[in-house]
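Worksheet: the structure to be examined is printed underneath.
Coordinate-derived values only; no laboratory data. A quick note: this is a predicted structure, and the numbers were derived from the prediction, not measured. Glycine also receives a Cβ, built like all others from the backbone with ideal geometry; neighbour counts cover every protein chain displayed.
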Amino acid sequence: MAHKRVHIIVSGLVQGVFFRKNTEITAHKLGLFGKVQNLPDGNVEILAEGEHKNLQKLVEWCHKGPPRARVDKIETKWLEPQNDFTSFQKVH
């Protein structure tokens, strides 16, 4: 099983629409570790680690997001895992 790390920036109407909470739920279902947080510029940042195939599923989910979100753009950067997370959580 190939572990990877992905850094994702999601742009659009992604704050105030439960994007972070739904990302957290999705990541837990996929067995991923990491964090999701709102950025001051209105984007959402996700840093996740786990099996590559499950990270791909998270990236695919991010293209749509939760029902009230409008995703305009996604930037992904694949990295080597750092194994510095013990869970997946949303940062306030």
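For this structure, a couple of remarks:
- Residue count for region 24-70, restricted to those that are among the hydrophobic types (A, V, I, L, M, F, W, C), touching a helix residue (DSSP H, G or I) at 6+ places or on another chain (Cβ under 8 Å) and surrounded by fewer than 19 Cβ atoms within 10 Å (Cβ to Cβ): 2
- Cross-chain or 6+ apart pairs with Cβ under 9 Å, region 63-91 first and farther than 23 Å from Lys53 by Cβ, then among the hydroxyl-bearing types (Ser, Thr, Tyr) and surrounded by fewer than 17 Cβ atoms within 10 Å (Cβ to Cβ): Asp72/Ser11; Lys73/Ser11
- Region 76-92, subset touching a His at 6+ places or on another chain (Cβ under 9 Å) and in a strand (DSSP E or B), residue nearest to Gly31 (Cα to Cα): Phe88
- Under the condition of being more than 16 Å from Pro66 (Cα to Cα) and either within 9 Å of the chain's Cα centre (by Cα) or in contact (Cβ under 8 Å) with a residue 60 or more places away in the chain (or both), the residues counted in region 9-41 number 2.
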